[in-house]
Amino acid sequence: MADAAYEAAVKATFETKPLRTVLMIDDEFPTFSDLALGPTGETEKRFKQKELAVKLYDAFRKNDMLCDIENVAAEVPLESIRKSDLIILDYHLGPTDGDSEKSISILRELASSKHFNTVVVFTAETDLDKVWLEIIASLGGAWTTLP
């Protein structure tokens, strides 16, 4: 069961002070242009999480949130990421399975900014303690330089 303070913070973030823009970054999510091209053998294999992307997109749109999807993290300008109120970030962004270097890099860049972004990191990794420790360890330092 969730801690009461945590539950109140989540409720305030999503209901009292609603988020307006969402950016989902996952190499297995199709972008809108990928969907517009229609199904091909290559896109069906590459975008294994298409149904999840559609469910998330629909849920955000039902709550009047603008939503965009990127699947090539190297092509997403950092300023575009920073302008999003909510970032849904895949922990393993490739290019190989189990590679978390790009997602950690994005988190470092966001942490070095004086702006605040809400980031939800999701993963299929079963050892969540390992994921949490890697993220926290990568963000250590440089906090005192921010005003």
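The values are calculated or read from the model by the stated rules, or taken from the named source; none is laboratory data. Here the structure is a predicted model, which is why all the values come from computation and not from measurement. Using ideal geometry, Cβ is built from the backbone for each residue, glycine included, and neighbour counts are taken over all protein chains shown. Note: areas computed on protein heavy atoms with side chains; ligands, DNA, RNA excluded. Shrake-Rupley method; radii C 1.70, N 1.55, O 1.52, S 1.80 Å.
A compact table of results
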item: Helices (runs of 4 or more DSSP H) contained in the stretch 38-111 and holding at least 1 residues acidic (Asp, Glu) and at pLDDT 85 or above; result: 50-62, 101-111
item: Evaluation of residue 1 against (1) modelled with pLDDT under 85; (2) out of contact with any helix residue (DSSP H, G or I) (no Cβ under 8 Å at 6 or more places or on another chain); (3) surrounded by 13 or more Cβ atoms within 10 Å (Cβ to Cβ) (one fails), failing number; result: (3)
item: Qualifying position, being open to solvent by 50 Å² or more (accessible area, probe 1.4 Å) and in contact with a helix residue (DSSP H, G or I) (Cβ under 7 Å, 6 or more places away or on another chain), among 102, 114; result: 102
item: Matching residues, the stretch 134-145, being exposed (fewer than 14 other Cβ atoms within 10 Å of the Cβ) and modelled with pLDDT of 85 or more; result: 136, 137
item: Selection from the stretch 4-37 of residues that are at pLDDT below 85, surrounded by 14 or more Cβ atoms within 10 Å (Cβ to Cβ) and in a loop (DSSP other than H, G, I, E, B); result: 19
item: Considering residues of the stretch 121-133 that are more than 16 Å from the chain's Cα centre (by Cα) and under 16 Å from residue 97 (Cβ atoms) only, the residue surrounded by the most Cβ atoms within 10 Å (Cβ to Cβ); result: 130
